[in-house]
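Working notes, beginning with the structure itself.
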Ligand code: BGP
């Protein structure tokens, strides 16, 4: 008794501003932390990316041809406020007005991420999220977004993958790894981001009573490496630290108890100012958006330094002495970048989130990074991506049949863009962008095989 995908399901795809737009310093845009970060050697930077800033009309036409019902993109804070706060840049407002209008003209629902990793550098120089003033800057920025775009944007996502920014702040560039107690600082930043998010949600409901807003963390099922109780406990602890801290706060407005005791034990508790808990308790998100790529398996850590692994392909650290260590799941195959492929884990993740929070869900990222090849006659045969997405969609339909309320599926990425750490050759899109790592070529758009496949999926509302 497989249930059908709901009518008016948001079939779509996702991108983020700094990874797709380019035009990094045009029309008054200020620098973000990404523009100022030391760049990973051997791969391109984000200066041109997919040049979407100049080609958005052509891109939206392609998304319309694909049949997109929704498109999830992010607004670059530094286009609206080049210095994070202060004067609004009218050219930034104009660009997103044009993009939103173009989407609506094509019957595509805009789903807007307010902040996707690209904090204004001017705010970072004043301490970034360690500084409580960034909460005010985010609130003002939110207000400007709601005031300018709220007449046409009905779906808002606050902060993309806040949990990844906290867990892997060193890789994403939000924290100075040389700090004496970087973890304490990260959990202070986390607290400030949570308060900022709660304020934005409240403001959204006040200014735009018809609009819906929610958080957008990266959530995955965490498996214990074995049935050994200590491994199960490590998995439970890690799930709290990685997943539930963020959603318990967004939805219930309280610190997850397991995480709070972990913070206390390690001396990482944040300073909470009077009034914060009130703000947090009254955020009331309308839905939960989440990104899913792979599940994660962990084992107990007895405190051995080798339990910390720095070899992750995204330059991230896996493992924490005395808490958990990473484990390779022998039942799962990996992609070209070593990420474990786990469609069933997608179903369990959907179930877990829904049964904890009972809010409608939308999948705002899921995808397969690969070295796609452009063949003669402009053919990109990404059958491996079709296979990957098909298997995940089967599991999505099973989750819907399990009673999980899901209203959209926006895989990563709508169009090829620059990966967070691995350049432009690691591709995710339905649409190929003709450029090499360092040779921009003509940046022409080419429909991949997955484009035609996904077009069929959408046209049949997921029956294909
Ligand atoms: C998510 C981010 C995206 C993105 C994606 C794929 O964590 O929200 O911005 O790029 O992962 O990751 P990567 O580009 O590192 O392959």
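Values as computed for the structure displayed
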quantity	calculated
Candidates 28, 67, 42, filtered to the one that is modelled with pLDDT under 95 and surrounded by fewer than 23 Cβ atoms within 10 Å (Cβ to Cβ)	42
Only one of 301, 297 that is buried (at least 19 other Cβ atoms within 10 Å of the Cβ), touching a residue at least 40 places away in the same chain (Cβ under 8 Å), assigned to a loop (DSSP other than H, G, I, E, B) and away from the ligand (no atom under 16 Å from the Cβ)	301
Residue ID - nearest to the ligand (Cβ to nearest atom), chosen from residues in segment 450-464 that are surrounded by fewer than 17 Cβ atoms within 10 Å (Cβ to Cβ) and outside any loop (DSSP other than H, G, I, E, B)	452
Extreme residue, surrounded by the fewest Cβ atoms within 10 Å (Cβ to Cβ), among residues of segment 424-437 that are away from the ligand (no atom under 12 Å from the Cβ) and more than 20 Å from residue 458 (Cβ to Cβ)	436
Filter result (in contact (Cβ under 8 Å) with a residue 60 or more places away in the chain and in a loop (DSSP other than H, G, I, E, B)) within segment 10-23	15, 16
Test: residue in segment 280-292 that is surrounded by 15 or more Cβ atoms within 10 Å (Cβ to Cβ) and over 26 Å from residue 210 (Cα atoms)	yes
All positions within segment 340-373 that are part of a loop (DSSP other than H, G, I, E, B) and surrounded by fewer than 17 Cβ atoms within 10 Å (Cβ to Cβ)	358, 371, 373
Any hit, segment 249-267, residues being within 16 Å of the ligand (Cβ to nearest atom) and at pLDDT 95 or above	no
Residues located in segment 361-418, provided they are within 13 Å of the ligand (Cβ to nearest atom) and out of contact with any strand residue (DSSP E or B) (no Cβ under 8 Å at 6 or more places or on another chain)	368, 418
Unmet requirement for residue 421, which otherwise passes all of (1) surrounded by fewer than 23 Cβ atoms within 10 Å (Cβ to Cβ); (2) within 16 Å of the ligand (Cβ to nearest atom); (3) modelled with pLDDT of 95 or more	(3)
Any helices (runs of 4 or more DSSP H) falling wholly within segment 86-151 and containing at least 2 residues that are more than 16 Å from the ligand (Cβ to nearest atom) and farther than 23 Å from residue 201 by Cβ	90-105, 121-125
Scope segment 1-32; condition within 16 Å of the ligand (Cβ to nearest atom) and touching a strand residue (DSSP E or B) at 6+ places or on another chain (Cβ under 7 Å); matching residues	12, 13, 14, 15, 16, 17, 18, 20, 32
Some residue of segment 204-223 being buried (at least 22 other Cβ atoms within 10 Å of the Cβ) and part of a helix (DSSP H, G or I)	yes
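Each row is one residue, and each column tells you yes or no for (1) more than 21 Å from the chain's Cα centre (by Cα); (2) in a loop (DSSP other than H, G, I, E, B); (3) in contact (Cβ under 8 Å) with a residue 24 or more places away in the chain.
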residue	(1), (2), (3)
8	yes, yes, yes
25	yes, yes, no
30	yes, yes, yes
38	yes, yes, no
41	yes, yes, no
53	no, no, yes
61	yes, no, yes
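Condition check ((1) surrounded by fewer than 22 Cβ atoms within 10 Å (Cβ to Cβ); (2) over 19 Å from residue 246 (Cα atoms); (3) in contact with a helix residue (DSSP H, G or I) (Cβ under 9 Å, 6 or more places away or on another chain)) across all residues:
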residue	(1), (2), (3)
131	yes, yes, yes
138	no, no, yes
143	yes, yes, yes
152	yes, yes, yes
159	no, no, yes
162	no, no, yes
166	no, no, yes
178	yes, yes, no
190	no, no, yes
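The values are calculated or read from the model by the stated rules, or taken from the named source; none is laboratory data. If you're wondering where the values come from, they're calculated on a predicted model, not measured in any experiment. As a convention, Cβ positions derive from the backbone with ideal geometry for all residues, glycine included, and neighbour counts pool all protein chains shown.
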